[in-house]
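The values are calculated or read from the model by the stated rules, or taken from the named source; none is laboratory data. No experiment lies behind these values; they were computed from the predicted model shown. So basically every Cβ, Gly included, is an ideal-geometry build from the backbone, and we count neighbours across all protein chains shown. Ligands, DNA and RNA are stripped out before the accessible areas are found, and what is left, the full protein with its side chains, is counted by its heavy atoms. Shrake-Rupley method; radii C 1.70, N 1.55, O 1.52, S 1.80 Å.
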Amino acid sequence: KAEKLLQDFKAMYDSLVDIKLTIERNNRYTFGDQLGDKIPNPDGGGMITEREYMIKQGMVPLEMNMIRKAVKALVGVYRQDKLEPLAISRDRDEQKLGEMMSIAMQYAYQSNGLYEINTRGYEQFLNSALVCFRTGFDWHSDRKMSDVVVELCDINRMAWDDNTSGRYFENISTIGYLHDMTFGQI
């Protein structure tokens, strides 16, 4: 049963290779490598980058990174707009519950540094149109207690069934994340 689960996860992981390559390319473009795409070498002998091809042609490859400037500007605006998480009750009788939920969300924001995590997630979204978070309840050895944890996930370590449809993955049936652990940690 466990082997079947691993095979299914590998199939899901492999089915997302095009998405992950596109995200990697978007990140290269954003962070200054616009001429790094591989093209067939016209002289034969495999693949070369567009930059290498231009140099072979006697041209000076110039890159002007307009994407990074736009992303930094949008992230800067996002970072400035730190709204306090707030839960509002529709029913007056449940107003106390709304206040308790607001306090709990504020605690989660503060204890996890969610303003920064959300900013990094927004930047990842701008580069890839895809961002994933893991929310859970984990043991914190420094605090000596279990507590809420929110983490930004690395898309390259994730897999999900590719039969999902809808903008928000409403009908997703399987999602997984690769964890790098020693046998002792397991």
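Quick rundown of the values:
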read-out	value
Tally, over the stretch 158-174, of residues that are in contact with a helix residue (DSSP H, G or I) (Cβ under 9 Å, 6 or more places away or on another chain) and either modelled with pLDDT under 90 or of a type in the set (Lys, Arg) (or both)	4
Number of positions in the stretch 1-20 that are of a type in the set (D, E, K, R), exposed (fewer than 13 other Cβ atoms within 10 Å of the Cβ) and outside any loop (DSSP other than H, G, I, E, B)	5
Only listed residue being over 26 Å from Asp14 (Cα atoms), hydroxyl-bearing (Ser, Thr, Tyr), part of a loop (DSSP other than H, G, I, E, B) and more than 19 Å from the chain's Cα centre (by Cα), chosen from Ser111, Ser89	Ser89
Residue under evaluation Thr174, criteria (1) open to solvent by 90 Å² or more (accessible area, probe 1.4 Å); (2) of a type in the set (Val, Ile, Thr); (3) touching a residue at least 40 places away in the same chain (Cβ under 8 Å), criterion not met	(1)
Residue that is least open to solvent (accessible area, probe 1.4 Å), among those in the stretch 41-68 that are in contact with a Gly (Cβ under 8 Å, 6 or more places away or on another chain), outside any helix (DSSP H, G or I) and not acidic (Asp, Glu)	Thr49
Which numbered condition Asp154 misses (of (1) in contact with a Leu (Cβ under 8 Å, 6 or more places away or on another chain); (2) closer than 18 Å to Thr22 by Cα)	(1)
Odd one out for Ser146 among (1) surrounded by 13 or more Cβ atoms within 10 Å (Cβ to Cβ); (2) within 25 Å of Ala108 (Cβ to Cβ); (3) small (Gly, Ala, Ser)	(1)
The stretch 77-123, subset polar (S, T, N, Q), out of contact with any helix residue (DSSP H, G or I) (no Cβ under 7 Å at 6 or more places or on another chain) and within 20 Å of Val149 (Cα to Cα), residue most open to solvent (accessible area, probe 1.4 Å)	Gln110
Members of the stretch 134-186 found to be small (Gly, Ala, Ser) and in a strand (DSSP E or B), listed by number	Gly136, Ser146, Ala159, Gly176
Conditions (1) under 15 Å from Leu130 (Cβ atoms); (2) touching an Asp or Glu at 6+ places or on another chain (Cβ under 8 Å); number of the one not met by Ile19	(2)
Given (1) within 30 Å of Phe137 (Cβ to Cβ); (2) open to solvent by 60 Å² or more (accessible area, probe 1.4 Å); (3) of a type outside the set (S, T, N, Q), number of the condition Ile23 does not satisfy	(2)
Residue that is modelled with the lowest pLDDT, among those in the stretch 132-143 that are open to solvent by 50 Å² or more (accessible area, probe 1.4 Å) and either under 10 Å from the mean Cα position of the chain (by Cα) or not charged (D, E, K, R) (or both)	Ser141
